[in-house]
């Protein structure tokens with residue numbers, strides 16, 4: 001068959017160009033499931049630019065194809081989001097943006113359908129929430145996470161601060177130390193906003209277990225503390241009130 005024609009098989013009906021009895025050029029394929037493909041064909045397979053449409057006439061995918069699979073740049077639409085970026089053998093792979101209808105946006109690297117590698121996660125309104133590494137949709141590796149109180153910079157595992165990291169409050173107070181599961185655990189140092197340094201010998205799930213008794217401290221989060229036992233207890237309570245708080249949104 002050469003030129004324009006029609007072909008019916010077990011999956012549906014093709015209408016379009018033929019070369020040597022194979023779909024070649026521009027054509028439409030109407031699937032028995034109700035979906036429709038319209039675009040380029042090569043040697044009987046979808047190749048080149050084309051779009052796939054749902055049975056309800058909404059576009060499912062618009063972009064490039066090769067060997068009947070999504071390959072190259074394209075736009076994939078989902079029920080609650082869309083992906084704009086590169087595909088490889090039907091999977092999101094390379095660089096791409098994932099945009100939720102609620103306003104959250106991920107921009108970065110993908111590997112075999114999953115966001116893995118370097119990327120950025122934005123809140124609605126384009127507010128940067130996280131800048132760093134991802135692994136299988138989870139914030140894992142080195143990164144920076146921002147929230148209303150300040151920012152955390154360090155290691156992450158499964159969307160939580162894990163390993164060495166530094167949290168800096170907008171007031172200038174800074175905690176530097178070890179984290180497990182989003183909570184301070186182990187030794188750490190608090191840098192107060194009057195340049196006083198307080199060494200915490202041991203944290204346990206964000207609680208101060210042991211405070212270095214030789215440290216002198218004066219000004220913390222706008223409150224003056226002396227070396228008296230009563231004020232020492234106030235200081236410890238003030239530290240305990242500070243926890244790593246952030247919207248741990250997973251994707």
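Okay, here's what the table says:
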{"quantity": "Cα gyration tensor shape of the stretch 31-151, rounded if a/c is under 1.5, else prolate or oblate by comparing a/b with b/c", "calculated": "prolate"}
{"quantity": "Alpha-carbon Rg with Dmax, taken over the stretch 1-78, Å", "calculated": "12.0, 38"}
{"quantity": "Sorted by Cβ density within 10 Å, fewest first, the residues 79, 60", "calculated": "79, 60"}
{"quantity": "Proxy reagent accessibility, fewest Cβ within 10 Å first, across 200, 127, 180", "calculated": "127, 180, 200"}
{"quantity": "Least to most buried among 137, 156 (fewest other Cβ within 10 Å first)", "calculated": "137, 156"}
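All of the numbers you see were taken from the coordinates with simple rules; none came from a lab. Since the model is a prediction, treat every value here as computed from it, not as a measurement. No Cβ is skipped: glycine too gets one built from the backbone with ideal geometry, and neighbour counts run over all protein chains shown.
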